[in-house]
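Note sheet for the following structure.
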Amino acid sequence: MKIIFQEDDGTVIKEEIISEEESTAMLTGMADITEWVTNAAREKARRRIDDIVTRSGRGSKHTDAASKLSIITDLKAAGSPLMKSAKDKESEIMKEK
């Protein structure tokens, strides 16, 4: 099974191969691999959104979903440090060393 990560414009970010053996083994514990991967990504995003919104002081995990997304959009547009990618944060740490 090939998993392709791509931008909305179709630009491929990364491709990963899950072997037939890995896929077979995974299916012993889940009904649908693609649904599981999608759910895992959305759950991770939800947790990060809750954390960012709470740390911004503009809401909490109890804030409604539409408002949280609006807060994320505003923070991104304002260039908030809360919106730095983990990769950028790691690069900054490495530069300091």
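Are any residues in the range 56-97 basic (K, R) and either closer than 21 Å to E43 by Cβ or surrounded by 12 or more Cβ atoms within 10 Å (Cβ to Cβ) (or both), and if so, which ones? Matches in the range 56-97: R58, K61, K68, K76, K84, K87. Listed by position, the helices (runs of 4 or more DSSP H) enclosed by the chain that each have at least 1 residues that are touching a strand residue (DSSP E or B) at 6+ places or on another chain (Cβ under 8 Å) are 33-56. Under 7 Å between Cβ atoms, which residue pairs at least 6 apart in sequence (or on different chains) link something in the range 33-61 that is under 27 Å from I17 (Cβ atoms) with a partner that is in a helix (DSSP H, G or I)? Qualifying pairs under 7 Å: I33/S23; I33/M26.
Do you know which residues across the range 32-63 are under 15 Å from M1 (Cα atoms) and more than 13 Å from the chain's Cα centre (by Cα)? If the condition is that a residue be under 15 Å from M1 (Cα atoms) and more than 13 Å from the chain's Cα centre (by Cα), then D32, I33, T34, E35, W36 are the ones that fit.
Out of curiosity, is I13 under 18 Å from the mean Cα position of the chain (by Cα) and touching a residue at least 24 places away in the same chain (Cβ under 8 Å)? So I13 fails the test.
FYI, it's all coordinate maths here, none of it is from the lab. Just so it is clear, the structure is predicted and the values come from calculations on it, not from any experiment. Heads up, the Cβs are rebuilt from the backbone with ideal geometry, glycines too, and the neighbour counts pull from every protein chain shown.
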